[in-house]
1. Quick one: net charge of LEU64's neighbours, Cβ under 12 Å, K/R +1, D/E -1?
2. Counting helices only, and only those DSSP H runs with n ≥ 4, report the 222 nm mean residue ellipticity of the chain as the sum of -39,500 (n - 2.57) divided by its residues, in deg cm²/dmol to the nearest 500.
3. Using unit Cβ charges (K, R positive; D, E negative) and no other charged atoms, how large, in debye to the nearest 20, is the dipole of the chain about its Cα centre?
4. Take the Cα of THR127, step 7 Å along the line toward its Cβ, and report every residue of segment 2-39 whose backbone nitrogen sits under 14 Å from that point.
5. Quick one: if you take sqrt(5λ) for each eigenvalue of the C-alpha gyration tensor of the chain, what semi-axes come out, biggest first, whole angstrom?
6. How much net charge surrounds PHE144 when only the other residues with a Cβ under 11 Å from the Cβ of PHE144 are counted, with Lys and Arg +1 and Asp and Glu -1?
7. Highest mean first, what order results for 279-286, 203-210 on Cβ atoms within 10 Å?
8. Which of the three applies to segment 80-152, rounded, prolate or oblate, going by the alpha-carbon gyration tensor with a ≥ b ≥ c and a/c under 1.5 meaning rounded?
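Bear in mind that the values in this text are calculations on the coordinates, not laboratory data. In this text the structure is predicted, and so the values were computed from the model without any measurement. No Cβ is skipped: glycine too gets one built from the backbone with ideal geometry, and neighbour counts run over all protein chains shown.
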Amino acid sequence: MERTGVVVIGAGQAGLSAAAGLRRSGLEPGQDFVVLDAEDGPGGAWRHRWPSLLMRTVNGIHDLAGVDSGFTDDGSDDRPAREAVPEYFARIERTWDLQVVRPVRVRAVHDGGDPAGPLDVRTDRGTWRADELINATGTWTRPFVPSYPGLASFAGWSLHARDYPGPQAMAGRRVVVVGGGITAVQLLLEIAPHADATTWVTRREPLWHEGPFDAERGRAAVALVEERVRAGLPPRSVVGVTGLGLTPAVRAGLASGVLDRGPMFSAITPDGVMWDDGAHEPADVILWATGWRPAIGHLAPLRLRAPGGGIVLGPPQDTTVVADPRVHLVGYGPSASTIGADRAGRAAAREVLGRMPVAA
């Protein structure tokens, strides 16, 4: 059993911001706090993005932890995101000397029975006992695929966007892309030149907007997601409430018909998808760009969920779990983006420091 003041679970964008906030205040890694990460190296979920996702098409990467990313938004950065972002995260870890412990997979967090006592963070490499917990496990490990009649009978290839291998794998195939977010749009645009045919379906009409996804637009989106979290409801993604930007590539996709959107099908057949009116679209691939859910199953023993299914976060910093103030969630709901994650990480660090005897 290891004893420390704070355990940070996850070294993605939110976890790094929180850990840097603790370090900035003088806490020592390995002594006053520890960062546990399930990955083999820096980068969090960005290590696993599909190989064709380039920095010039990423929907806004904002600086974290006071470290300049060097990324540009002029559309000229052709580096794969799965390489560029982990390099940046590694630089943050070095700058703040965070000494991330990895790979460590957290199995469960348990309460010792005393609501004012320490928490036990149980992992595949032992247990850490801590007074405070900052959970920054994100969503990448919990891809969401909705249940549709006939899915089990589909003879083609059904996969979530998390497992998308690149456009070459879609060559000569008839591909149905499901989902109304930026991921679906990006995948359609790069698959279309290779596939035999593409079909795009969404539950709701896409909401298009002019202008870039800048800091102001990001803050407005974060505020919308915060409303749901305060109400104890499961959060929507930040990107899900921003709408879709009308970039030159998107405009070209609309003009060519690649981004012609159809309503959601009602059933899946062995060789395609079908609507209520009997219309049928043949398909070799169903690609689900249907989002993710928070990866917080390890917190289940603490019974943090509200009746509405979400976890209520409250003041003073809106990262503290109302049901258990020892627990702080970042990279959850409104902080599941770089702009929200950096703000939430710094807020969680301030809240933790205010509760710790060492900060007095």
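1. Once positives and negatives cancel, what remains is -1.
2. -7000 deg cm²/dmol
3. 620
4. Only 2-4 fall inside the zone, counting backbone N under 14 Å.
5. They are 38, 22, 18 Å, listed largest first.
6. Combined, the nearby Lys, Arg, Asp and Glu give +3.
7. For the peptides 279-286, 203-210, the packing ranking is 279-286, 203-210.
8. Since a/c reaches 1.5 but b/c is at least a/b, the shape of segment 80-152 is classed as oblate.
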